[in-house]
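Laboratory data are not the source of any read-out in this text; all were calculated from the coordinates shown. Remember, predicted model here, so these are calculated numbers, not experimental data. A quick note on method: Cβ atoms are made from the backbone with ideal geometry, for glycine too, and the neighbour counts reach across all protein chains shown.
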């Protein structure tokens with residue numbers, strides 16, 4: 001078993017967030033999840049955000065992600081099965097609750113044989129935005 005890479009991410013609240021996790025092996029994947037929580041022990045249903053490659057936005061601020069629509073966040077896997085790109089629209093990051101500076105995230109894969117592997121994990125810093133009105 002290989003330990004996941006420890007990679008820290010920064011997200012400006014109210015900005016579009018996109019990050020490409022590279023050099024990974026998504027062969028035979030069924031689903032990929034990107035989850036951000038305030039505490040490791042929090043339930044998935046308490047996550048500040050959870051995104052699935054199969055259904056888009058699943059959880060937002062501890063509630064069903066359908067309030068913003070599943071297309072407002074996504075995980076795409078490239079055709080070579082080595083890159084997972086997480087994309088979150090600005091309208092979603094604007095809704096993220098700011099409780100602490102640093103949250104915890106992981107990128108987890110469920111394979112077609114139900115094997116689960118955490119590929120990346122680290123600190124997810126939600127940076128407060130200064131400009132709040134953009135019209």
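Points to keep in mind about this one:
- Neighbour-count order for 49, 59, 88, fewest beta carbons within 10 angstrom listed first: 59, 88, 49
- Put the Cα centre of segment 115-129 next to the Cα centre of segment 22-41 and the gap is 9 Å.
- Note on residue 85 and residue 28: the extension gain reaches 18.8 nm, defined as 0.36 nm multiplied by sequence separation minus the Cα-Cα distance.
- Likely footprinting exposure, 98, 105, 19, fewest C-beta neighbours within 10 Å first: 98, 19, 105
- Computed from label points 7 Å out along Cα-Cβ, the spacing between residue 116 and residue 55 is 1.6 nm.
- Rounded to 5, percent antiparallel among DSSP beta bridges of segment 11-127: 95 percent
- Stokes-Einstein D in µm²/s, Kirkwood radius over Cα pairs - the chain at 4 °C with 1.567 mPa s viscosity: 86 µm²/s
- Cα-based shape type of segment 1-63, given that a ≥ b ≥ c are square roots of the gyration tensor eigenvalues and the cut on a/c is 1.5: rounded
- For segment 11-127, averaging the sequence separation of C-alpha pairs within contact (under 8 Å, six or more residues apart) and dividing by the residue count gives a relative contact order of 34 percent.
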